[in-house]
1. Determine whether residue 157 is within 30 Å of residue 374 (Cβ to Cβ) and outside any loop (DSSP other than H, G, I, E, B).
2. Return the pairs, sorted by first residue and then second, in which the second residue is modelled with pLDDT under 95 and part of a loop (DSSP other than H, G, I, E, B), the first residue lies in region 340-357 and is closer than 27 Å to residue 321 by Cβ and assigned by TED's automatic domain parsing to the domain that holds residue 328, the beta carbons are less than 8 Å apart, and the residues are 6+ apart or on different chains.
3. So for region 162-178 (the condition being in a strand (DSSP E or B), touching a residue at least 12 places away in the same chain (Cβ under 8 Å) and surrounded by 14 or more Cβ atoms within 10 Å (Cβ to Cβ)), does at least one residue qualify?
4. For region 180-202, give me the residue count where each residue is touching a helix residue (DSSP H, G or I) at 6+ places or on another chain (Cβ under 8 Å) and surrounded by fewer than 19 Cβ atoms within 10 Å (Cβ to Cβ).
5. Tell me which residues, restricted to region 125-151, are at negative phi, surrounded by 18 or more Cβ atoms within 10 Å (Cβ to Cβ) and assigned to a loop (DSSP other than H, G, I, E, B).
6. Got a number for residues in region 239-273 being closer than 26 Å to residue 89 by Cα and assigned to a loop (DSSP other than H, G, I, E, B)?
7. Can you name the residue in region 221-231 that is more than 15 Å from residue 287 (Cα to Cα) and modelled with pLDDT of 90 or more and is also surrounded by the fewest Cβ atoms within 10 Å (Cβ to Cβ) among such residues?
């Protein structure tokens, strides 16, 4: 089918889906986005994304939004300090060519998730995003076309359906039997507000990048999240439903705090302050991942991007950064088909071939980083982080 007559549905209004629609529209290829949330502000979006030049920044550049992004962005420190449970320095970041995260590395531009979403939404043609449309199922209609059935009872037929709908994608089952599995590691998140003024010792501990401390199957991770916020994650191996197994109500902040302090008993008080003195409550985030590698047989009229394609654990990867690159690359291949009046399905094939190689490498790296960080280790040997180098002792 000529690219000019394609009807493309992007399921999910996350960064990857929105940038895909934006790049397509820049090249004269219409696209529609279907999002289950009732409106853009239906749920709060938190956190800051530090976008890398070769992925997130490249995607925004292809979307024609680099100037607007730079106006909203602020430097995000990339230095990582690795400590043990006594606060003694174990290692410094390993220098890898072109990699951020090294000591003294230049800061990456960071943007808040709400600001990025608004930037992308404002760049789209009016009416591109259909809010409150939850995809129930897809029905093949031949020649690569699929009818999307939404929970409001309406069905619409598309030539290409892009699953950009996250970990529990409704599109993925049409392509793959894989489902997210529990990695064995749970994050319990909390945080600090106005940290430099109200918690200067925490601010000094974390600096302008992040600090990580690991011991056996437990760890504490704290990172700057914007200018005056710090996000903290207590990481440990255990039950996927940790709070329930411990008889805890996550709404009972004092009880959760006490349970975490008990789990990390014996750690340096300066590190325990990350849990003891935080401003916010606690959020339970079991880490899920898709199998590595996750691929699927090419199916005309369907494909995936972002977490729907390669959900992975977060220590060595940024899901939003990768999703932006996915969305941009898929749109680029489809736009080339539009320019040359060639078969759009060949563009999807080319996108998937590159995606499989790229995502397999990133997911494998993320899985190794998590296993290295939170695997039991002999007491005399520091954790084997792929992205750090042990300090030389004289």
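1. Values: within 30 Å of residue 374 (Cβ to Cβ): no; outside any loop (DSSP other than H, G, I, E, B): yes.
The answer is no for residue 157.
2. Going by the 8 Å Cβ cut-off, the qualifying pairs are 344/1; 344/6.
3. Checked region 162-178: at least one residue is in a strand (DSSP E or B), touching a residue at least 12 places away in the same chain (Cβ under 8 Å) and surrounded by 14 or more Cβ atoms within 10 Å (Cβ to Cβ).
4. Adding up the residues that qualify gives 2.
5. Scanning region 125-151 gives 128, 133.
6. Residues that pass the stated criteria total 5.
7. At the first step, the residues of region 221-231 found to be more than 15 Å from residue 287 (Cα to Cα) are 222-231.
Restricting the remaining residues to those that are modelled with pLDDT of 90 or more gives 222-223, 229-231.
Working: 222: 27, 223: 23, 229: 19, 230: 25, 231: 21.
The qualifying residue surrounded by the fewest Cβ atoms within 10 Å (Cβ to Cβ) is 229.
So that you can scan it fast, the table gives a plain yes or no per residue for (1) under 12 Å from residue 311 (Cβ atoms); (2) outside the structural domain of residue 300 (by TED's automatic domain parsing):
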| position | (1), (2) |
| --- | --- |
| 158 | no, no |
| 161 | no, no |
| 169 | yes, no |
| 175 | no, no |
| 187 | no, yes |
| 202 | no, yes |
| 206 | no, yes |
| 209 | no, yes |
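The values are calculated or read from the model by the stated rules, or taken from the named source; none is laboratory data. This one's a predicted model, so the numbers in the text were calculated from it and none came from an experiment. No Cβ is skipped: glycine too gets one built from the backbone with ideal geometry, and neighbour counts run over all protein chains shown.
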